[in-house]
Amino acid sequence: MPFLLSTFRALIPSLFMLTASAATASPDPAIEKIRSELTKQLGDISLDSIEVSPVPGLYEVLIGARLYYVSADGRYFIRGQMTDIGTGQNLTEAKVAKARKKLIDDVGEDNMIVFGKGDEKHTISVFTDIDCGYCRKLHAEMDEYNKNGIRVRYLFYPRAGMNSDSGRKTVSVWCADDRKKALSEAKQGKDPKPESCANPIADQYALGQVVGVTGTPALVLENGELLPGYVPPTRLRQILDAKLVEK
(Lines give C-alpha, C1' and ligand atoms only; values in the text may rest on other atoms or scores of the structure.)
Protein backbone atom coordinates (compact mmCIF):
# COMPACT_ATOMS: atom_id res chain seq x y z
CA MET A 1 0.00 0.00 0.00
CA PRO A 2 2.58 2.64 -1.00
CA PHE A 3 -0.11 5.28 -1.64
CA LEU A 4 -1.75 4.70 1.73
CA LEU A 5 1.59 4.68 3.50
CA SER A 6 2.78 7.93 1.93
CA THR A 7 -0.57 9.60 2.63
CA PHE A 8 -0.36 8.95 6.34
CA ARG A 9 3.40 9.36 6.74
CA ALA A 10 2.99 12.99 5.69
CA LEU A 11 0.61 13.49 8.61
CA ILE A 12 2.54 11.62 11.30
CA PRO A 13 3.99 14.68 13.14
CA SER A 14 0.58 16.32 13.43
CA LEU A 15 -1.25 13.13 14.28
CA PHE A 16 1.12 12.19 17.08
CA MET A 17 0.48 15.56 18.71
CA LEU A 18 -3.23 15.79 18.13
CA THR A 19 -4.90 12.37 18.10
CA ALA A 20 -6.07 10.33 21.02
CA SER A 21 -5.24 6.73 21.75
CA ALA A 22 -6.83 3.97 19.69
CA ALA A 23 -10.44 3.03 20.29
CA THR A 24 -11.19 0.13 22.57
CA ALA A 25 -11.51 -3.34 21.13
CA SER A 26 -14.71 -4.30 19.35
CA PRO A 27 -16.25 -7.75 18.93
CA ASP A 28 -16.61 -7.12 15.18
CA PRO A 29 -13.85 -9.26 13.58
CA ALA A 30 -13.72 -6.97 10.53
CA ILE A 31 -12.81 -4.02 12.73
CA GLU A 32 -9.94 -5.96 14.27
CA LYS A 33 -8.83 -7.09 10.81
CA ILE A 34 -8.79 -3.49 9.58
CA ARG A 35 -6.93 -2.33 12.68
CA SER A 36 -4.35 -5.06 12.20
CA GLU A 37 -3.81 -4.29 8.50
CA LEU A 38 -3.52 -0.54 9.04
CA THR A 39 -1.15 -1.03 11.95
CA LYS A 40 1.11 -3.21 9.80
CA GLN A 41 1.17 -0.59 7.05
CA LEU A 42 1.25 2.58 9.11
CA GLY A 43 2.95 1.68 12.35
CA ASP A 44 2.06 3.37 15.62
CA ILE A 45 -0.54 5.86 14.39
CA SER A 46 -3.56 6.26 16.65
CA LEU A 47 -6.86 5.29 15.05
CA ASP A 48 -9.51 7.32 16.82
CA SER A 49 -12.35 5.10 15.68
CA ILE A 50 -13.25 2.32 13.27
CA GLU A 51 -16.96 1.97 12.63
CA VAL A 52 -19.38 0.44 10.17
CA SER A 53 -20.25 2.90 7.40
CA PRO A 54 -23.71 3.31 5.83
CA VAL A 55 -22.46 1.18 2.90
CA PRO A 56 -22.42 -2.59 3.59
CA GLY A 57 -18.89 -3.99 3.64
CA LEU A 58 -17.27 -0.58 4.03
CA TYR A 59 -15.89 0.80 7.29
CA GLU A 60 -15.10 4.34 8.45
CA VAL A 61 -11.66 5.05 9.90
CA LEU A 62 -11.28 8.35 11.73
CA ILE A 63 -7.82 9.76 12.37
CA GLY A 64 -7.86 13.22 13.90
CA ALA A 65 -10.34 15.08 11.70
CA ARG A 66 -9.78 12.98 8.59
CA LEU A 67 -12.21 10.25 7.62
CA TYR A 68 -11.30 7.36 5.34
CA TYR A 69 -13.18 4.30 4.12
CA VAL A 70 -11.70 0.81 4.20
CA SER A 71 -12.98 -2.54 2.96
CA ALA A 72 -13.79 -5.20 5.54
CA ASP A 73 -10.63 -7.16 4.71
CA GLY A 74 -8.46 -4.07 5.19
CA ARG A 75 -7.15 -4.24 1.63
CA TYR A 76 -8.95 -1.39 -0.12
CA PHE A 77 -8.63 2.18 1.05
CA ILE A 78 -10.87 5.03 -0.15
CA ARG A 79 -10.24 8.73 0.39
CA GLY A 80 -13.19 10.88 -0.63
CA GLN A 81 -16.69 12.08 0.16
CA MET A 82 -19.77 9.95 0.76
CA THR A 83 -23.15 11.54 0.00
CA ASP A 84 -26.63 10.23 0.72
CA ILE A 85 -28.33 10.80 -2.64
CA GLY A 86 -31.76 10.54 -1.04
CA THR A 87 -31.20 13.41 1.39
CA GLY A 88 -28.31 15.20 -0.29
CA GLN A 89 -26.34 15.11 2.96
CA ASN A 90 -22.57 14.86 2.83
CA LEU A 91 -22.11 12.05 5.35
CA THR A 92 -18.34 12.40 5.39
CA GLU A 93 -18.34 16.08 6.26
CA ALA A 94 -21.00 15.59 8.94
CA LYS A 95 -18.75 13.18 10.83
CA VAL A 96 -15.55 15.13 10.16
CA ALA A 97 -17.20 18.33 11.44
CA LYS A 98 -17.86 16.72 14.82
CA ALA A 99 -14.24 15.60 15.09
CA ARG A 100 -12.98 19.01 13.95
CA LYS A 101 -15.12 20.79 16.54
CA LYS A 102 -13.79 18.61 19.35
CA LEU A 103 -10.15 19.09 18.34
CA ILE A 104 -10.55 22.86 18.26
CA ASP A 105 -12.55 23.07 21.49
CA ASP A 106 -9.85 20.97 23.17
CA VAL A 107 -7.32 23.74 22.43
CA GLY A 108 -9.02 25.92 25.04
CA GLU A 109 -9.57 29.65 24.87
CA ASP A 110 -6.53 30.29 27.05
CA ASN A 111 -4.55 29.30 23.96
CA MET A 112 -6.47 31.58 21.61
CA ILE A 113 -6.83 35.34 21.15
CA VAL A 114 -10.53 36.12 21.48
CA PHE A 115 -12.39 39.21 20.29
CA GLY A 116 -15.86 39.82 21.68
CA LYS A 117 -17.65 40.77 24.88
CA GLY A 118 -18.79 37.22 25.58
CA ASP A 119 -22.51 37.80 25.13
CA GLU A 120 -22.54 37.31 21.36
CA LYS A 121 -25.01 34.79 19.95
CA HIS A 122 -22.40 32.97 17.89
CA THR A 123 -18.75 31.99 18.31
CA ILE A 124 -16.46 31.05 15.43
CA SER A 125 -12.84 29.93 15.39
CA VAL A 126 -10.61 31.47 12.73
CA PHE A 127 -7.25 30.18 11.54
CA THR A 128 -5.39 33.33 10.58
CA ASP A 129 -2.08 34.46 9.10
CA ILE A 130 -0.52 37.77 10.17
CA ASP A 131 0.26 38.86 6.60
CA CYS A 132 -2.73 37.40 4.73
CA GLY A 133 -4.66 40.17 2.93
CA TYR A 134 -8.14 38.80 3.53
CA CYS A 135 -7.20 37.96 7.13
CA ARG A 136 -6.40 41.63 7.59
CA LYS A 137 -9.69 42.61 5.96
CA LEU A 138 -11.58 40.33 8.34
CA HIS A 139 -9.77 41.76 11.35
CA ALA A 140 -10.37 45.35 10.22
CA GLU A 141 -14.10 44.58 10.40
CA MET A 142 -13.95 42.97 13.85
CA ASP A 143 -16.28 45.56 15.38
CA GLU A 144 -18.89 44.69 12.74
CA TYR A 145 -18.57 40.97 13.44
CA ASN A 146 -19.07 41.63 17.14
CA LYS A 147 -22.02 43.97 16.48
CA ASN A 148 -23.56 41.19 14.39
CA GLY A 149 -23.37 38.92 17.41
CA ILE A 150 -20.28 37.00 16.32
CA ARG A 151 -17.44 36.32 18.74
CA VAL A 152 -14.12 35.49 17.06
CA ARG A 153 -11.54 33.09 18.49
CA TYR A 154 -8.20 33.24 16.69
CA LEU A 155 -5.88 30.31 16.11
CA PHE A 156 -2.73 30.79 14.08
CA TYR A 157 -1.75 29.28 10.77
CA PRO A 158 1.34 30.97 9.27
CA ARG A 159 0.94 29.71 5.72
CA ALA A 160 4.64 29.81 4.88
CA GLY A 161 5.52 27.76 7.95
CA MET A 162 6.82 28.35 11.44
CA ASN A 163 10.25 29.52 10.26
CA SER A 164 8.80 32.16 7.95
CA ASP A 165 8.60 35.87 8.64
CA SER A 166 4.89 35.46 9.36
CA GLY A 167 5.63 32.63 11.75
CA ARG A 168 8.12 34.74 13.69
CA LYS A 169 5.70 37.68 13.81
CA THR A 170 3.00 35.39 15.15
CA VAL A 171 5.19 34.20 18.01
CA SER A 172 6.07 37.82 18.83
CA VAL A 173 2.38 38.74 18.93
CA TRP A 174 1.62 35.85 21.26
CA CYS A 175 4.49 36.79 23.57
CA ALA A 176 3.53 40.48 23.74
CA ASP A 177 2.22 41.94 27.00
CA ASP A 178 -1.03 42.89 25.25
CA ARG A 179 -1.74 40.21 22.67
CA LYS A 180 -4.90 41.75 21.27
CA LYS A 181 -3.24 45.11 20.75
CA ALA A 182 -0.13 43.51 19.23
CA LEU A 183 -2.26 41.43 16.87
CA SER A 184 -4.34 44.41 15.76
CA GLU A 185 -1.21 46.44 15.06
CA ALA A 186 0.37 43.55 13.16
CA LYS A 187 -2.79 43.23 11.06
CA GLN A 188 -2.32 46.89 10.15
CA GLY A 189 1.18 46.18 8.86
CA LYS A 190 3.20 47.20 11.92
CA ASP A 191 5.93 44.69 12.72
CA PRO A 192 5.66 43.50 16.32
CA LYS A 193 8.60 43.84 18.66
CA PRO A 194 10.56 40.56 18.44
CA GLU A 195 9.69 38.40 21.42
CA SER A 196 9.99 34.75 22.35
CA CYS A 197 8.27 32.64 24.97
CA ALA A 198 6.51 29.32 25.39
CA ASN A 199 3.66 29.42 22.89
CA PRO A 200 1.03 27.24 21.17
CA ILE A 201 1.66 28.47 17.61
CA ALA A 202 3.37 25.34 16.25
CA ASP A 203 0.63 23.15 17.72
CA GLN A 204 -2.04 25.32 16.12
CA TYR A 205 -0.28 25.22 12.77
CA ALA A 206 -0.20 21.42 13.00
CA LEU A 207 -3.84 21.38 14.07
CA GLY A 208 -4.79 23.42 11.02
CA GLN A 209 -3.23 20.80 8.78
CA VAL A 210 -5.10 18.02 10.54
CA VAL A 211 -8.52 19.70 10.38
CA GLY A 212 -8.23 20.55 6.69
CA VAL A 213 -7.02 24.15 6.55
CA THR A 214 -5.47 24.89 3.14
CA GLY A 215 -5.53 28.69 3.20
CA THR A 216 -6.44 31.64 5.37
CA PRO A 217 -8.65 32.90 6.74
CA ALA A 218 -10.30 29.56 7.50
CA LEU A 219 -13.49 29.83 9.55
CA VAL A 220 -14.69 26.96 11.69
CA LEU A 221 -18.35 27.33 12.59
CA GLU A 222 -20.02 26.26 15.82
CA ASN A 223 -20.95 22.86 14.37
CA GLY A 224 -17.37 22.19 13.24
CA GLU A 225 -18.00 22.99 9.58
CA LEU A 226 -15.01 24.52 7.81
CA LEU A 227 -15.72 27.62 5.75
CA PRO A 228 -12.69 28.72 3.70
CA GLY A 229 -12.04 32.37 2.98
CA TYR A 230 -13.34 35.76 4.03
CA VAL A 231 -17.09 36.16 4.63
CA PRO A 232 -18.59 39.63 5.28
CA PRO A 233 -20.07 40.11 8.78
CA THR A 234 -23.73 40.37 7.75
CA ARG A 235 -23.51 37.38 5.44
CA LEU A 236 -21.72 35.32 8.09
CA ARG A 237 -24.46 36.10 10.60
CA GLN A 238 -27.04 34.83 8.10
CA ILE A 239 -25.07 31.61 7.62
CA LEU A 240 -24.72 31.04 11.36
CA ASP A 241 -28.41 31.70 12.03
CA ALA A 242 -29.34 29.25 9.27
CA LYS A 243 -27.13 26.58 10.84
CA LEU A 244 -29.04 26.95 14.10
CA VAL A 245 -32.32 26.39 12.26
CA GLU A 246 -30.91 23.24 10.63
CA LYS A 247 -30.20 21.61 14.01
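The values are calculated or read from the model by the stated rules, or taken from the named source; none is laboratory data. Because the structure is a prediction, the values reported are computed rather than measured. All Cβ positions, glycine included, derive from the backbone under ideal geometry; neighbour counts span all protein chains shown.
Here are a few things to note about the model shown:
- All positions within the range 87-139 that are outside any helix (DSSP H, G or I) and among the small types (Gly, Ala, Ser): Gly88, Gly108, Gly116, Gly118, Ser125
- Residue within the range 87-100 that is under 19 Å from Tyr205 (Cβ atoms), assigned by TED's automatic domain parsing to the domain that holds Tyr230, touching a residue at least 12 places away in the same chain (Cβ under 8 Å) and surrounded by 13 or more Cβ atoms within 10 Å (Cβ to Cβ) present: no
- Every pair of residues 6+ apart whose Cβ atoms lie under 6 Å, when the first sits in the range 229-247 and is outside any loop (DSSP other than H, G, I, E, B) while the second is surrounded by 14 or more Cβ atoms within 10 Å (Cβ to Cβ): Pro233/Glu141; Pro233/Glu144; Pro233/Tyr145; Pro233/Asn148; Arg237/Asn148; Leu240/His122; Lys243/Asn223
- Criterion: surrounded by fewer than 20 Cβ atoms within 10 Å (Cβ to Cβ) and touching a Lys or Arg at 6+ places or on another chain (Cβ under 7 Å) - qualifying residue of Thr83, Thr123: Thr123
- Yes/no for Val210 being among the hydrophobic types (A, V, I, L, M, F, W, C), buried (at least 16 other Cβ atoms within 10 Å of the Cβ) and either assigned to a strand (DSSP E or B) or within 14 Å of the chain's Cα centre (by Cα) (or both): yes
- Checked against the criterion of being among the hydroxyl-bearing types (Ser, Thr, Tyr), touching a Ser or Thr at 6+ places or on another chain (Cβ under 8 Å) and surrounded by fewer than 19 Cβ atoms within 10 Å (Cβ to Cβ), the candidates Tyr134, Tyr76 yield just one match: Tyr134.
- Of all residues in the range 213-236, those that are closer than 20 Å to Lys98 by Cβ, touching a Leu at 6+ places or on another chain (Cβ under 7 Å) and either crowded, with 19+ Cβ neighbours inside 10 Å or not assigned by TED's automatic domain parsing to the domain that holds Ser164 (or both) total 4.
- Taking the conditions (1) on the phi > 0 side of the Ramachandran plot; (2) under 17 Å from the mean Cα position of the chain (by Cα); (3) at pLDDT 95 or above; (4) surrounded by 15 or more Cβ atoms within 10 Å (Cβ to Cβ) in turn, Val107 satisfies each one other than (1).
- Cβ pairs under 6 Å, 6+ apart, first in the range 127-142 and assigned by TED's automatic domain parsing to the domain that holds Ser172 and within 19 Å of Gln209 (Cα to Cα), second among the charged types (D, E, K, R) and not in a helix (DSSP H, G or I): Asp129/Arg159; Cys135/Asp129
- Qualifying residue in the range 152-165 (condition: part of a loop (DSSP other than H, G, I, E, B), crowded, with 19+ Cβ neighbours inside 10 Å, of a type in the set (Lys, Arg) and within 22 Å of the chain's Cα centre (by Cα)): yes
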